[in-house]
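One structure below.
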Amino acid sequence: QKEVEQNSGPLSVPEGAIASLNCTYSDRGSQSFFWYRQYSGKSPELIMSIYSNGDKEDGRFTAQLNKASQYVSLLIRDSQPSDSATYLCAVRNAGNNRKLIWGLGTSLAVNP
Amino acid sequence: DTAVSQTPKYLVTQMGNDKSIKCEQNLGHDTMYWYKQDSKKFLKIMFSYNNKELIINETVPNRFSPKSPDKAHLNLHINSLELGDSAVYFCASSLAAGELFFGEGSRLTVL
């Protein structure tokens, strides 16, 4: 079983819609959760970090964490073509304090 | 003003050669990392240093040798390059176990 799983996509949404990206993880002791965006040929860029259950909003982005169900999601409201990228979920567990476990990423395409 | 900078951005070299990649961060972070991203786009941790001390050393061939002269710098030296070493190598830094910030990447092509 993979430690951090994401649907590879591509996830295709029309411009202006809500894009929903999901990530599940296997280590119940995980403490920190991150979403990164990576454009083709560029480096990963941090979008959001979340540490406690519930929702965290930043502009058009909302991260949702449910530790009981071991999933973290990212919602992008009013999706724009510039949001088209690969979204990487990363999870840090309690045992390896500086080692992030990465998902393979979900490719998002926002169509004008 | 670049927070995490890597040099060079591109390397093209022959099999068997040795090459180095340098990384510097000006964020005041205490932890630095080397990641490898291959053609399948998976980000694989290679090494991590905290205040010049090696804290993560994944299963990496010993042809790869990191060196951290101080907490703002982390270099990667690769001996006897092989075709399979072709990838993008990312340097990153963080403050303790916080968020990672990545450099722009160094694309290595081994011919």
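The values are calculated or read from the model by the stated rules, or taken from the named source; none is laboratory data. What you see is a predicted model, and the numbers here were worked out from it, not measured in a lab. Every residue, glycine among them, receives a Cβ derived from its backbone with ideal geometry; neighbour counts consider all protein chains shown. These area figures cover heavy atoms from the full protein model, side chains too; ligands, DNA and RNA do not enter into them. Shrake-Rupley method; radii C 1.70, N 1.55, O 1.52, S 1.80 Å.
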Fill in: Residues along the stretch A:77-112 losing 50 Å² or more of accessible surface when the other protein chains are present rather than the chain by itself (probe 1.4 Å)
A:R92, A:R98, A:K99, A:W102, A:L104
Practice prompt. Report the relative contact order of chain A, percent, no decimals, based on alpha-carbon pairs under 8 angstrom and at least 6 residues apart.
Written response: 38
Practice prompt. Counting residues in the stretch A:25-112 as N, plug N into 2.2 N^0.38 Å and put the Cα Rg over that result.
Written response: 1.09
Worksheet item: What residues in the stretch A:1-49 lose 50 Å² or more of accessible surface when the other protein chains are added to their chain alone (1.4 Å probe)?
Response: A:S43, A:P44
Worksheet item: With +1 on each Lys and Arg Cβ and -1 on each Asp and Glu Cβ, how big is the dipole of the protein assembly as shown about its Cα centre, in debye rounded to the nearest 20?
Response: 380
Worksheet entry | Contact surface A-B: accessible area buried, both sides summed, square angstrom, 1.4 angstrom probe | 1600
Worksheet item: Carbon and sulfur: what percent of the stretch A:7-112's accessible surface (1.4 Å probe)?
Response: 46
Worksheet item: In square angstrom, what is the accessible area per residue of the stretch A:1-79 with a 1.4 angstrom probe?
Response: 52
Item to complete: Using only alpha carbon positions, build the gyration tensor of the protein assembly as shown, then give the equivalent ellipsoid semi-axes as the square roots of 5 times its eigenvalues, largest first, whole angstrom.
Response: 30, 20, 16
Discussion item. Treating only the Cβ of Lys, Arg, Asp and Glu as charged (+1, +1, -1, -1), what charge dipole size does the stretch A:1-88 show about its Cα centre? Round to the nearest 20 debye.
Written reply: 140
Worksheet item: Among the trypsin sites (Lys or Arg not before Pro) within the stretch A:1-88, which fall in a DSSP loop and have no more than 11 other Cβ atoms within 10 Å of their own Cβ?
Response: A:K2, A:R28
Worksheet, complete the sentence: In terms of the charge dipole of the stretch A:58-112, which places +1 on Lys and Arg and -1 on Asp and Glu at the beta carbon, the residue among A:G95, A:A85, A:L75 farthest towards the positive end is A:G95
Worksheet item: So how strong a dipole does the stretch B:30-101 carry about its Cα centre when Lys and Arg Cβ are +1 and Asp and Glu Cβ are -1, to the nearest 20 debye?
Response: 120
Discussion item. Going through the cross-link list B:K22/B:K44; B:K9/B:K71; A:K99/B:K9, which pairs have a Cα-Cα distance over 23 Å in this structure?
Written reply: A:K99/B:K9
Item to complete: Report the dimensions of chain B along its three principal axes from the alpha-carbon atoms, largest first, rounded to Å.
Response: 37, 27, 26
Discussion item. Could you report chain B's accessible area per residue, 1.4 Å probe, as an integer in Å²?
Written reply: 50
Worksheet item: What percent does the relative contact order of chain B come to when contacts are Cα pairs within less than 8 Å and at least six residues apart?
Response: 37
Discussion item. Residue by residue through the stretch A:53-68, what is 3J(HN,Hα) from phi via Karplus (6.51 cos²θ - 1.76 cosθ + 1.60, θ = phi - 60°)? Round to whole Hz and write x for glycine and proline.
Written reply: 4, x, 10, 9, 10, 8, x, 7, 9, 10, 9, 10, 10, 10, 5, 5
Fill in: At most 15 other Cβ within 10 Å, DSSP loop - GluC sites (Glu not before Pro), the stretch A:5-112
A:E15
Worksheet item: In the protein assembly as shown, what percentage of the DSSP-assigned beta bridges are antiparallel, given to the nearest 5?
Response: 90
Worksheet entry | Carbon/sulfur fraction of accessible area - chain B, other protein chains in place, 1.4 Å, % | 50
